[in-house]
Amino acid sequence: MGRPDHSLSVASADAGTLRLRAHDLHRVQVGERQLLFHIPSSGLFELDAVSAGVIGALEREPDLSPSDLPAQLGAGPEAVASALDELATLGVVEPSGTERTPRPAPAWHETPLTTLVLNVNTGCNLSCSYCYKEDLQIPAQGERLDLDTACRGVDQLLRESGRSTRVQLVFFGGEPLTNLPLIRAVVDYAEEAGPAAGKQVDFSLTTNATLLRDDTIAFLDAHRFGITVSMDGPRSVHDRHRKSVGGRGTYDVVVERVRTLLERYRSRPVGARVTLAHGSTDVVAIHRHLRDELGFFEVGFAPATSPDDTRFALDADELAAVFVGMKTLGQRYRDEALENRNTGFANLHQLMTDLALGHSRALPCGAGAGLVALDHAGDFHLCHRFTGSEFPTLGNVESGVDRDALAGFLGRAADPDPRGCSTCRVRNLCAGGCYHESYARYGDPLHPTWHYCDLLRDWIDFGIGIYAEISAGNPRFFADHLQARRPWL
């Protein structure tokens, strides 16, 4: 059994009968190649004929004696023994009756806080049909975060960050640029307080781009903000759901501001975040417009699937069409990667990163596990999506982060058994899905996102195939283009 970029140690399989840990492996066929996706580590291994035969035999007949395998497979005893050693090393073959000791639970109380999302204004100058923010207001009625509360939040971040030498402040809204004076003041404060505490503070911002002016761009560039622009594609797509408070389409003003931003911004790449809502499923055309015509560094897609309002949520057929389009984009990604070029398709690029770096998640994202959000009242929330909701808060700037409540939630979230996820082959890449999407759809942040589980499993199988093709045809791509990345906001 061979693996393009992982080495295996050899372990001896015990005597007696053997069994397969079927829920820890998944076989994927890529052309003539048989691959084993090792679920606990998110590792990908190429199976030779003997190893594939061993797995197949144990799938057909549990509790099989290893002495029976050479005759069944028509292979020599040494080849079978070697295959068993490698499969035992991965932990996917073991003696029948083996009892495994549960892994100790992580010390969730000790998880450092490294990212703070500042909800600087609940007011927004747009009225997007699909907005998930429960506390959204028109600009004149928005609840603004004040400087004292924001600075106390920064102090909490620095105190709670443990040994981490870098922390991140994310400015969010509403539209965060409606409270630009606060952002400027917080940056000034953090750039003094951070180094004094031995920390480097990074800044990022998600914006609808309508309020970007030359001096604002210069300020963001000078402080090396990571910028994500919410934009949904060409005019006909963007204006369908992203309208002003007065009901007018916003494409023209957004594209004008975006062109200026991309022409002048130099400190970091700028990405686009697309919400795919009812009637917006042509991801190929959207990606082409945003990446190839406007020049965004990368484009990420987020389907809107909340059942609350069928005027904007994707239905089952539309969601399926989205994944078909994403596969088309994925094939182009592969073709370009084989030539050592990155198409900036963020969804697949993140999956390539997870596979290449062996990411194995107990939790779906950093919400609560390194990241919390602060609202205008000084309360901490699980993430920026929960501000304004009825979901319990997690402390405040007066008393600090409620570590007991946070650890309790994370402990429940990391246990896949109650959610029915413990046998899913993508459990360590999905880890249950977005908390807020589950909360909005089912009233429970830990409810699995079952409405697209099958599509997600199929998407990850597709991604495994793409990864295998790139690793065989141009492994240099991963070294040149992949790096650990933060999740999209």
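Miscellaneous remarks
- Complete set of residues in region 398-415 that are in contact with a Leu (Cβ under 7 Å, 6 or more places away or on another chain) and either without any contact (Cβ under 8 Å) to a residue 24 or more places away in the chain or farther than 30 Å from ARG103 by Cα (or both): ASP402, ALA405
- Taken together, GLY198, GLY233, GLY249, GLY194 contain a single residue that is of a type outside the set (S, T, N, Q), surrounded by fewer than 17 Cβ atoms within 10 Å (Cβ to Cβ) and either touching a helix residue (DSSP H, G or I) at 6+ places or on another chain (Cβ under 7 Å) or not assigned by TED's automatic domain parsing to the domain that holds HIS287 (or both), which is GLY249.
- Among the criteria (1) in contact (Cβ under 8 Å) with a residue 40 or more places away in the chain; (2) loosely packed, with under 14 Cβ neighbours inside 10 Å; (3) under 20 Å from SER422 (Cα atoms), the one GLU59 does not fulfil is (1).
- Residue match in region 316-334 (condition: touching a Lys or Arg at 6+ places or on another chain (Cβ under 8 Å) and either surrounded by fewer than 22 Cβ atoms within 10 Å (Cβ to Cβ) or within 21 Å of ASP232 (Cα to Cα) (or both)): no
- Within region 400-430, the only residue that satisfies the criterion of being more than 21 Å from ILE39 (Cβ to Cβ), of a type in the set (Asp, Glu) and surrounded by fewer than 16 Cβ atoms within 10 Å (Cβ to Cβ) is ASP404.
- Unique residue being of a type outside the set (Gly, Ala, Ser), in contact (Cβ under 8 Å) with a residue 40 or more places away in the chain and within 19 Å of GLN350 (Cα to Cα) when the list is ARG266, ARG257, ARG291: ARG291
- Exclusive hit being closer than 16 Å to CYS151 by Cβ and in a strand (DSSP E or B), set LEU205, LEU182, LEU169: LEU169
- Which listed residue, of ASP239, ASP252, is without any contact (Cβ under 8 Å) to a residue 24 or more places away in the chain and touching a Gly at 6+ places or on another chain (Cβ under 6 Å): ASP239
- 3 or more residues within 31 Å of the chain's Cα centre (by Cα): qualifying strands (runs of 3 or more DSSP E) within region 13-67: 25-30, 33-38, 43-47
- Residue within region 224-233 that is assigned to a helix (DSSP H, G or I) and within 28 Å of the chain's Cα centre (by Cα) present: no
- Residues of region 461-483 classified as buried (at least 20 other Cβ atoms within 10 Å of the Cβ) and not in a helix (DSSP H, G or I), total: 0
- When every residue of region 287-305 is checked against the conditions, at least one turns out to be assigned by TED's automatic domain parsing to the domain that holds GLY162, hydroxyl-bearing (Ser, Thr, Tyr), buried (at least 17 other Cβ atoms within 10 Å of the Cβ) and out of contact with any strand residue (DSSP E or B) (no Cβ under 6 Å at 6 or more places or on another chain).
- Within region 234-287, considering residues that are of a type in the set (S, T, N, Q) and part of a helix (DSSP H, G or I), the one modelled with the lowest pLDDT: SER236
- Tallying residues that are aromatic (Phe, Trp, Tyr) and without any contact (Cβ under 8 Å) to a residue 40 or more places away in the chain within region 93-115 yields 0.
- Scoring LEU348 on the criteria (1) on the phi > 0 side of the Ramachandran plot; (2) assigned to a helix (DSSP H, G or I) leaves a single failure, condition (1).
- Given (1) buried (at least 21 other Cβ atoms within 10 Å of the Cβ); (2) of a type outside the set (D, E, K, R); (3) at pLDDT 90 or above; (4) touching an Asp or Glu at 6+ places or on another chain (Cβ under 8 Å), index of the condition GLY91 fails: (1)
- Candidate set: region 192-202, residues that are more than 28 Å from the chain's Cα centre (by Cα) and assigned to a helix (DSSP H, G or I); chosen: the one nearest to THR216 (Cα to Cα): GLU192
- Candidate set from region 436-460 (those that are among the small types (Gly, Ala, Ser) and under 16 Å from ARG419 (Cα atoms)); member that is surrounded by the most Cβ atoms within 10 Å (Cβ to Cβ): SER438
- Some residue of region 164-187 being among the small types (Gly, Ala, Ser), more than 19 Å from SER389 (Cα to Cα), surrounded by fewer than 23 Cβ atoms within 10 Å (Cβ to Cβ) and at pLDDT 95 or above: yes
- Those residues of region 141-161 which are in a loop (DSSP other than H, G, I, E, B) and at pLDDT below 95, in sequence order: GLY142, GLU143
The values are calculated or read from the model by the stated rules, or taken from the named source; none is laboratory data. What you see is a predicted model; the values in this text were computed from it and never measured. We place every Cβ from the backbone using ideal geometry, glycine too, and count neighbours over all the protein chains shown.
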